[in-house]
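> To start, I am sharing the structure in question, which I have written as structure tokens.
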Amino acid sequence: MKMVIIGGSGLIGSKVAETLKLKGHEVIAASRRNGIDAVTGEGIAEALKNADVLVDVSNSPSFEDQAVLEFFQKSTTNLVKAGKEAGIHHFVALSVVGTDRLPGNGYFRAKLAQETIIRNSGIPYTIVRATQFLEFLDAIAYTATTGDEVRVSTGFLQPIAASDVAGFVAEAALAKPLTGILEIAGPERFPMNEVVKDYLALKGDSRTVVGDPEAEYFGSKLQPGSLVSDENPKLGATTLKKWLAEKAA
Ligand SMILES: NC(=O)c1ccc[n+]([C@@H]2O[C@H](COP(=O)([O-])OP(=O)(O)OC[C@H]3O[C@@H](n4cnc5c(N)ncnc54)[C@H](OP(=O)(O)O)[C@@H]3O)[C@@H](O)[C@H]2O)c1
């Protein structure tokens, strides 16, 4: 099959592209660095010629509320239009568990807008909603740091390794469209303050982690279950310890 991966040079996209190539598929790993821009539309029609599956794992260069909303609205509108014109059979997109649970969060609003455009497109689709990546723990700790203190929510996190995410996305691209949502998550669930504390300790980072139910997560207060899935998600195999050991090796 011919597969076009939008965001094919990114953390997830590069792994999805590699997996699908190894399985013998024709893969275009598309992004601005090879002249394909989902926001302006440049190069999309050419890349999608005779494609069977479009996988969107792109991400906005800016996480500012309006910028990220415009990114996902414009890019998804362009991809849906070009996908229809090219006659693709399956639109696969990577989203976030809980997109509909945090309306106060600009990034989640933008992901929900992306999902809605895909759902209304008429193209058979699979939306893969993932929990936070283990690779995202640094960003969570960074944005919650003041001086030497990391103040994070006590809401649950069930982080998943990027390699596991990519495996599930590749699997979804090769399967029949669900025309629905598939949720995926990591194998362990912890209060955010505990996983951030364990992660920093295992890395030898001496910052003090404080759990605070009122602490905001990228601008939103969390309920205990805001970021985790109770929809019988598929679970990745990589634990925090295994992931850190692999990184250190
Ligand atoms: N981080 C998390 O914990 C988490 C959790 C659940 C879901 N997700 C979702 O996972 C997806 C992938 O994230 P990631 O971490 O793999 O992203 P990433 O590493 O930042 O990669 C983003 C990709 O998008 C491309 N891109 C940016 N602007 C583009 C444009 N205008 N047209 C085409 N390509 C463009 C980039 O390449 P160029 O710069 O070359 O264009 C790059 O290949 C995102 O949609 C995110 O919402 C993330």
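> Among (1) in contact with a helix residue (DSSP H, G or I) (Cβ under 9 Å, 6 or more places away or on another chain); (2) open to solvent by 70 Å² or more (accessible area, probe 1.4 Å); (3) on the phi > 0 side of the Ramachandran plot, where does Asn232 come up short?
(1)
> Can you pull out every residue in the stretch 91-128 that is of a type outside the set (Val, Ile, Thr), closer than 22 Å to Glu183 by Cβ and over 18 Å from the mean Cα position of the chain (by Cα)?
Scanning the stretch 91-128 gives Gly104, Asn120, Ser121, Pro124.
> Of all residues in the stretch 40-65, which are surrounded by fewer than 18 Cβ atoms within 10 Å (Cβ to Cβ) and either without any contact (Cβ under 8 Å) to a residue 12 or more places away in the chain or more than 23 Å from Ala130 (Cα to Cα) (or both)?
Passing the criteria: Thr40, Gly41, Glu42, Ala45, Glu46, Lys49, Asn50, Asp52, Pro61, Ser62.
> Let me ask something else. Taking the stretch 213-229 on its own, how many of its residues are buried (at least 18 other Cβ atoms within 10 Å of the Cβ) and within 12 Å of Phe156 (Cα to Cα)?
So the answer is 6.
> Still on this model: Considering only the stretch 235-246, state which residues are over 20 Å from the mean Cα position of the chain (by Cα) and surrounded by fewer than 13 Cβ atoms within 10 Å (Cβ to Cβ).
Hits for the stretch 235-246 are Lys241, Ala245, Glu246.
> Could I ask something else about it? As an exercise: evaluate Ser206 against (1) modelled with pLDDT of 95 or more; (2) farther than 23 Å from Asn105 by Cβ; (3) outside any helix (DSSP H, G or I) and give the number of the one condition it does not meet.
Going through the list (1) modelled with pLDDT of 95 or more; (2) farther than 23 Å from Asn105 by Cβ; (3) outside any helix (DSSP H, G or I), Ser206 breaks only (1).
> Show the residue pairs meeting these rules: Cβ distance below 7 Å; 6+ apart or different chains; first residue within the stretch 10-28 and touching a residue at least 12 places away in the same chain (Cβ under 8 Å) and closer than 18 Å to Asn50 by Cβ; second residue open to solvent by 70 Å² or more (accessible area, probe 1.4 Å) and among the charged types (D, E, K, R).
As it stands, the answer is Val27/Lys21, since those pairs meet every condition given.
> Further question on the same structure: Within the stretch 118-132, take every residue that is surrounded by 20 or more Cβ atoms within 10 Å (Cβ to Cβ) and of a type in the set (A, V, I, L, M) and give me the one that is nearest to the ligand (Cβ to nearest atom).
Applying the filter and picking the extreme gives Ala130.
> Can you pull out the helices (runs of 4 or more DSSP H) entirely within the stretch 1-109 that have at least 1 residues that are within 14 Å of the ligand (Cβ to nearest atom), among the aromatic types (Phe, Trp, Tyr) and more than 19 Å from Ser163 (Cα to Cα)?
Per the criteria, 65-86.
> Sticking with this structure for a sec: Could you look through the stretch 154-169, keep only residues that are touching a Ser or Thr at 6+ places or on another chain (Cβ under 8 Å) and in a loop (DSSP other than H, G, I, E, B), and pick out the one that is farthest from Arg129 (Cα to Cα)?
My answer is Gly155.
> So, in the stretch 134-163, exactly how many residues are touching a residue at least 24 places away in the same chain (Cβ under 8 Å) and either of a type in the set (Gly, Ala, Ser) or in contact with a Phe, Trp or Tyr (Cβ under 9 Å, 6 or more places away or on another chain) (or both)?
19
> Turning to a different aspect of this structure: Among the residues that make up the stretch 100-115, is at least one of them surrounded by fewer than 22 Cβ atoms within 10 Å (Cβ to Cβ) and polar (S, T, N, Q)?
Checked against the condition, which is being surrounded by fewer than 22 Cβ atoms within 10 Å (Cβ to Cβ) and polar (S, T, N, Q), the stretch 100-115 yields no hits at all.
> Something else: Could you list, in sequence order, the residues of the stretch 175-198 that are within 16 Å of the ligand (Cβ to nearest atom), small (Gly, Ala, Ser) and part of a loop (DSSP other than H, G, I, E, B)?
The answer is Gly186, and nothing else.
> Here is a list: Ala172, Ala141, Ala201. Which entry is assigned to a helix (DSSP H, G or I) and either modelled with pLDDT under 95 or open to solvent by 50 Å² or more (accessible area, probe 1.4 Å) (or both)?
None of the others qualify; the one that does is Ala201.
> Another question, if that's okay. Can you tell me which of (1) closer than 18 Å to Ser58 by Cα; (2) buried (at least 20 other Cβ atoms within 10 Å of the Cβ) is the one Gly167 doesn't meet?
That leaves (2) as the condition not met.
> I'm trying to understand the selection: among the residues of the stretch 144-164, which are of a type in the set (Ser, Thr, Tyr) and either open to solvent by 70 Å² or more (accessible area, probe 1.4 Å) or more than 16 Å from the ligand (Cβ to nearest atom) (or both)?
Thr145, Thr146, Thr154
The values are calculated or read from the model by the stated rules, or taken from the named source; none is laboratory data. Note that the structure is predicted; figures quoted are calculated from it, not measured. FYI the Cβ positions are ideal-geometry reconstructions off the backbone, even for glycines, and counts take in every protein chain you see. Note: areas computed on protein heavy atoms with side chains; ligands, DNA, RNA excluded. Shrake-Rupley method; radii C 1.70, N 1.55, O 1.52, S 1.80 Å.
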